[in-house]
Amino acid sequence: MCQLFIHADSSLWSSRTKSLRIQGVVTSIRLEVFFWNILEELSFRDQMTVNQAISKLYLESLDADHDIGNFTSFLRVCCSRYLSLIADGAISREVELPLDDVDAKHIIGQETFRDKQRKALFNYNSNKLPVN
């Protein structure tokens, strides 16, 4: 398992800082190159720049009354969820299909159902593990 990750391109986990303006305020965001690459893909799908997409995520998070005290963690989770939804078949990775067009409510419902199934399976299997 570890070889799959150890021999990957090491530049992916190097950090890069970008400055951007959100509601007129200049801020800096430091993320690993891997996450910047995913944010570029997300942005491209909805025909935005990375800065526009980040600003949109920030503003929509505020509108939803989310605590975004650690916004860089939020961005990492957004990128990870995007890849997870693709892996689960909930969304396509076709960059021609805008993310604004997906049925988010339906996808989140399916995701919640899958998460409950996974937790039940993990709990069931963990109870079957031998005790040392």
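General remarks:
- Summarising the overall dimensions of the chain from its C-alpha atoms, the Rg and Dmax are 17.7, 59 angstrom.
- Translational diffusion coefficient (Stokes-Einstein; Kirkwood radius from C-alpha pairs) of region 55-107 at 20 °C, 1.002 mPa s, in µm²/s: 173
- Carbon/sulfur fraction of accessible area - the chain, other protein chains in place, 1.4 Å, %: 56
- A convex hull fitted to the Cα coordinates of region 1-71 yields 124 cubic angstrom per residue.
- Take the chain with all the other protein chains still there, run a 1.4 Å probe, and you get 72 Å² of accessible area per residue.
- Both the radius of gyration and Dmax for region 83-126 are 13.0, 42 Å, in that order, over alpha-carbon atoms.
The values are calculated or read from the model by the stated rules, or taken from the named source; none is laboratory data. If you're wondering where the values come from, they're calculated on a predicted model, not measured in any experiment. Heads up: the accessible areas ignore ligands, DNA and RNA and are worked out on the full protein's heavy atoms, side chains in. Shrake-Rupley method; radii C 1.70, N 1.55, O 1.52, S 1.80 Å.
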